Amino acid sequence: FNSNGFSIPINAYAADADKTYVSFSFRKAEKFFDIQQFTGNGTAGRTLSHNLGSVPGMVIVKPLTTGEWSVYHRGMDSSSPEDYYLQLDKTAAKIDDATRWNDTAPTSTVITLGNNIRVNENGEPFVAYFFAHNDGDGDFGSAGDQDIISCGTFTTSGETDITLGWEPQYVLIKSVTSGSGGWFIWDTMRGWQNGNIGNNNDPYFYADANSAEAGFNGVDVGFPTATGFRVESF
C-alpha cells in the first residue's frame, strides 16, 4: 500500500498483460467503512468493536485460514436480521443460525459474535469488514451532511426504482429469500449506465464465482439514476 493508493506486483492473478482487471477500494472512515482483525475465543456473546460511529448496515467476517465468508445484512429480515447470515462465496438464501451473530443486533460501537468456528473459532485469526448505512445522517460532501452508502432491500417482479438520494457507482445485490442466487455486482467503471443496450452491455460480475464478467444481450436490465438506480428486470 502507498500513501496515494497501492501497487500490484507482477503475478498471474493481478497483473497479467493479457487481462483487464477492476479493483474496488473503500476508504476507512466513520459512517462509511471499517476493518478489524481479531483472534477468536470460541465464546458465544463475544463483542467486537468497530469505528463506524454508526450501526453497521453490513458486516463480512472471514477466517484467515479455511472457512467461508459470513455476512450480516440489516435487510435480511424486517424484525430480526441478526438471526440470519449469508455466505459471500455461496448462492444459498439466508440461513437462521444463532451461532453466527448470537441473535444480537449490532450497535454503533460493537457487533456480537456467536461461537461458530466460521466467525469465532478459539485461537484462530479473523478479519471483519464493516459497511455503514446512511439514512439522512451521512457526514460527507462539501457541507458534511450527505449520504454516500446504503444497505437496503427491495422486492421486484419488473421495473423498480430504488431511491438512495444520490447516484451510486457500485451496487451489490443478493437474493435472500426463497431459492438461491449469486452476489450480483454492477459498477460504473466497467460500463453500467443508463441506455447501455446492446450485445453484452451492462457488464456484471458474481462475487461468489471466478468467471469473467458477462453482459445482457439486447436488453437494459438496470441503470444508475441521479437519485439511485433502476432495476428493469432481474
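General observations
- Unit charges at the beta carbon, dipole of the chain: most positive-side option, 87, 36, 164: 36
- Exposure of residue 154 as accessible area (Å², to 10), given a probe of 1.4 Å and all protein chains: 70 Å²
- For the stretch 65-204, averaging the sequence separation of C-alpha pairs within contact (under 8 Å, six or more residues apart) and dividing by the residue count gives a relative contact order of 17 percent.
- When only Cα pairs below 8 angstrom with a gap of at least 6 residues are kept, the chain shows a relative contact order of 18 percent.
- Among 212, 29, 143, the largest mean-square fluctuation in a Gaussian network model of the chain (Cα springs under 10 Å) belongs to 143.
- Take the convex hull of the alpha carbons in the stretch 62-106; its mean projected area over all directions comes to 3.3 nm².
- Between residue 57 and 131, 132, 133, the built amide H atoms are under 5 Å apart, and every one of these is 5 or more places off in sequence or on another chain.
- Mean projected area of the convex hull spanned by the Cα atoms of the chain, taken over all viewing directions: 14.2 nm².
- Rolled with a 1.4 Å probe across the full set of protein chains, the surface gives residue 31 an accessible area near 40 Å².
- Split the accessible area of the chain by element, probe 1.4 Å, and carbon with sulfur accounts for 47%.
- Average accessible area per residue (Å²) across the chain - probe 1.4 Å, nucleic acids and ligands excluded: 54 Å²
- Helix-only mean residue ellipticity at 222 nm for the chain, each DSSP H run of n ≥ 4 adding -39500 (n - 2.57), per residue, nearest 500: -500 deg cm²/dmol
- Value of relative contact order over the stretch 1-95, rounded to a whole percent, pairs C-alpha under 8 Å and six or more apart: 14 percent
- Phi angles of the stretch 168-173 translate, via the Karplus equation with coefficients 6.51, -1.76, 1.60 and θ = phi - 60°, into HN-Hα couplings of x, 9, 9, 10, 10, 10 Hz per residue; Gly and Pro are given as x.
- Stretch gain in nm, segment residue 161-residue 140, where the contour uses 0.36 nm per residue and the Cα spacing is subtracted: 5.2 nm
- Once the gyration tensor of the Cα atoms in the stretch 28-133 is diagonalised, the equivalent ellipsoid follows with semi-axes of 18, 16, 13 Å, ordered largest first.
The values are calculated or read from the model by the stated rules, or taken from the named source; none is laboratory data. Everything quoted here is computed from the prediction, not taken from an experiment. Here the Cβ is made from the backbone with ideal geometry for all residues, glycine too, and neighbour counts use every protein chain on show. When the accessible area is computed, the model is the full protein with side chains, heavy atoms only, and any ligands, DNA or RNA have been set aside. Shrake-Rupley method; radii C 1.70, N 1.55, O 1.52, S 1.80 Å.
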